[in-house]
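Engineer: I have a structure here, written as structure tokens, and I will follow up with some questions on it.
The values are calculated or read from the model by the stated rules, or taken from the named source; none is laboratory data. Everything numeric here is computed off the predicted structure, so don't read it as measured data. To get the accessible areas, we keep the full protein, side chains included, count just its heavy atoms, and leave off ligands, DNA and RNA. Shrake-Rupley method; radii C 1.70, N 1.55, O 1.52, S 1.80 Å.
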Amino acid sequence: LLTARVDRLAPADRALLQAAAVMGRRFDPDLLAVVTGAGGDVGRSLAAMQALDLVHSEDKTGDYIFKHALVRDAVYSSLLNTARSMLHLKIADEIERRSANHLPKVAETLAYHYVSTTRADKAFLYLAMAAKKCLDIHSLDEADRYARQALDLLASNPSCADDLAIADVMV
């Protein structure tokens, strides 16, 4: 039933919804417009998705949220791995560009997106940054999770970080 609603969308709207699904359950329409190149059509497309009860707008932030997590999961799963990876990369690059002055603030988000791409170097960088950030606020379980993810990435891709970055994660 959920995918039947998605199938009712025009192809351009479906592609927009897929990009939103890669962003997560909650997504910023401005970021979505930049990532997809849709520009001013995003508002019209999101209105169509809202009419089909797929997403809804949050008044306080202006973000949109998938009406149900299953809708987001179904749309995300429908993407081919290559297309999904490319969307993760576009999203991560744009978030990185927008957040250049405060990268630690968005380290977890960047780590999530870069891990799903071929950019192991950036994934390692942001996993390490997220681990350090979590350690600084005494969120030890989260810090351990990010550090282990960084080390697992290093094990599968030894050239993703230099010795200094590796030592930093180990410490």
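Engineer: Leaving out ligands, DNA and RNA, what percent of the accessible area of the range 85-171 is carbon and sulfur, probe 1.4 Å?
Structural biologist: 58
Engineer: If you don't mind, there's one more thing I want to ask. Just subtract the alpha-carbon distance of MET86 and HIS68 from 0.36 nm times their residue separation and send over the number in nm, one decimal.
Structural biologist: 4.0 nm
Engineer: Send over a whole-number figure in Å² for the accessible area per residue of the range 76-171, probe 1.4 Å. If you can, show how the numbers build up before the last one.
Structural biologist: Details: 5790 Å² over 96 residues.
Accessible area per residue: 60 Å².
Engineer: Could you give each residue of the range 71-77 its phi-based ³J(HN,Hα) in whole Hz, using Karplus coefficients 6.51, -1.76, 1.60 with θ = phi - 60°, and x for Gly or Pro?
Structural biologist: Whole-Hz 3J(HN,Hα) from phi for the range 71-77: 5, 4, 5, 5, 5, 4, 5.
Engineer: Let me ask something else. Along the range 45-52, what does the Karplus equation 6.51 cos²θ - 1.76 cosθ + 1.60 (θ = phi - 60°) give for ³J(HN,Hα), rounded to whole Hz, x for Gly and Pro?
Structural biologist: Once rounded to whole Hz, the list reads 5, 5, 5, 5, 5, 5, 5, 8.
Engineer: Here's something else I'd like to know. I need the per residue convex hull volume for the range 1-95, using only the alpha carbons, in cubic angstrom as a whole number.
Structural biologist: So the per-residue hull volume is 86 Å³.
Engineer: Measure off, as a whole percent, the carbon and sulfur share of the 1.4 Å-probe accessible area of the range 26-68, all protein chains present.
Structural biologist: Exposed carbon and sulfur together represent 48 percent of the surface.
Engineer: Compute the convex hull volume of the Cα atoms of the range 71-137, divide it by the residue count, and report the result per residue in Å³ as a whole number.
Structural biologist: Residue-normalised Cα hull volume stands at 89 Å³.
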